[in-house]
1. Looking at the structure I just gave you, is VAL86 open to solvent by 20 Å² or more (accessible area, probe 1.4 Å), aliphatic (A, V, I, L, M) and under 17 Å from ALA7 (Cα atoms)?
2. Among the residues of region 175-209, write down those that are under 12 Å from PRO151 (Cβ atoms) and open to solvent by less than 40 Å² (accessible area, probe 1.4 Å).
3. Among residues belonging to region 1-57 that are of a type in the set (Asp, Glu) and open to solvent by 40 Å² or more (accessible area, probe 1.4 Å), point out the one that is nearest to ARG319 (Cα to Cα).
4. Which condition does VAL223 not pass, out of (1) buried (at least 24 other Cβ atoms within 10 Å of the Cβ); (2) modelled with pLDDT under 90, if it passes all the others?
5. Being small (Gly, Ala, Ser), touching a strand residue (DSSP E or B) at 6+ places or on another chain (Cβ under 6 Å) and either open to solvent by 100 Å² or more (accessible area, probe 1.4 Å) or modelled with pLDDT under 95 (or both): is that true of GLY283 here?
6. What's the total number of residues in region 1-25 that are among the acidic types (Asp, Glu) and modelled with pLDDT under 95?
7. With the structure loaded, tell me whether ALA108 is touching a residue at least 12 places away in the same chain (Cβ under 8 Å), assigned to a helix (DSSP H, G or I), among the hydrophobic types (A, V, I, L, M, F, W, C) and open to solvent by 20 Å² or more (accessible area, probe 1.4 Å) or whether it fails that test.
8. Would you mind finding the one in VAL91, VAL86, VAL76 that is farther than 23 Å from PRO41 by Cβ, of a type in the set (A, V, I, L, M), assigned to a helix (DSSP H, G or I) and at pLDDT 95 or above?
Amino acid sequence: MKIAVDAMGGDYAPANNIGGVKLALESLPSIDRLFLTGDKPAIEAELERQQVPTGKLEIVHTTEVVGMDESPAKAVRRKKDSSISVAVGLVKEGASDAVVSAGNTGAAVAAATLKLRNLPGVERAGIASALPSEHGVCNVIDVGANVDAKPRHLLQYAIMGAVYSRVIFGVENPKVGLMSVGSEEAKGNEFTRGVFSMLRGSGLNFVGNIEGHDLFESGIDVVVCDGFTGNVVLKSCEATANILMKWLKAELKKTPLRMAGAWIARNAFRTLKKRGSYETIGGSPLLGTNGTTIIAHGSSSPLAMMNAIRVAAESIEHRVNPHIEEEIAKLASPEKPTPAQEEAVHA
């Protein structure tokens, strides 16, 4: 298995990226080779500083980096020798099986979409983000790849999300919900009502509309929404978790008695932090492209980068893309199409 890592992408590159590579080499024996794309002298210096064994590594020198605040599509087109473009190019050429980047999300999506294209039958790729819930993991798709989605795109997101939940998380018949402003079928706008109709006749285990609290309480496995809504939901969840931890820490430090209680419960706090941390989850797959692309958080720590590489390895091992292709083909050519399915295909 070969994976390309954008060594220059992210807020703390290349240090944290190389740290993640080191952890991946130690914990993921299925990896045969890691390509590190970026400035060769900087990468070599960091490898030496962290004493990373280089037997499975290959540095692919690039002269450009896409900044976090750059226009994604323009940067990908203008910066042909950027670390993200070259990393995706390795997948396109067949040299690598997957690409992992903590850099500019839009640039990663644009590079993957332009260079790899989509799987047969897939109109728009979507980013799936795993959120920890009371019942396990809830995969939200899309969280930012396509902010101007059409109803039929969300139908495909639901299919791809269900495949990912089944083959990666082992959920036999994933429950799929549609993010809306109420659980009743008539709730929402014209867009969500159209998606509801398609999902109801899709053959998926569609449980109807869901609201924000259902992400964590109801046991939903896949939540479908457009990229604009999904990105707002994801960042709101991250911000809420962060501020709650800050508030809790501040309150626990106010008195000696509270501090003593916190010390007694320290293992519980560590477990809670680990359960809700993006570091443990790793990266989010861009589902639907003709190649495995994993997008990590911009501020990824070495542990988060290692887990993003792990997610890439699992996606390859479990053949996520071939499974998606198979399910999308069923949508295009169902044995007995329902009116809703016909509407979904031609909408």
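The values are calculated or read from the model by the stated rules, or taken from the named source; none is laboratory data. In this text, all values refer to a predicted model and were calculated from it rather than measured experimentally. All Cβ positions, glycine included, derive from the backbone under ideal geometry; neighbour counts span all protein chains shown. When the accessible area is computed, the model is the full protein with side chains, heavy atoms only, and any ligands, DNA or RNA have been set aside. Shrake-Rupley method; radii C 1.70, N 1.55, O 1.52, S 1.80 Å.
1. Spelling it out, VAL86 is indeed open to solvent by 20 Å² or more (accessible area, probe 1.4 Å), aliphatic (A, V, I, L, M) and under 17 Å from ALA7 (Cα atoms).
2. The answer is LEU178, GLY188, THR192, GLY194, VAL195, PHE196, SER197, MET198, LEU199, SER202.
3. Only one residue fits best here, namely ASP32.
4. So VAL223 meets the others, but not (2).
5. It is true that GLY283 is small (Gly, Ala, Ser), touching a strand residue (DSSP E or B) at 6+ places or on another chain (Cβ under 6 Å) and either open to solvent by 100 Å² or more (accessible area, probe 1.4 Å) or modelled with pLDDT under 95 (or both).
6. 1
7. So ALA108 fails the test.
8. Just a single option satisfies the conditions, and that option is VAL91.
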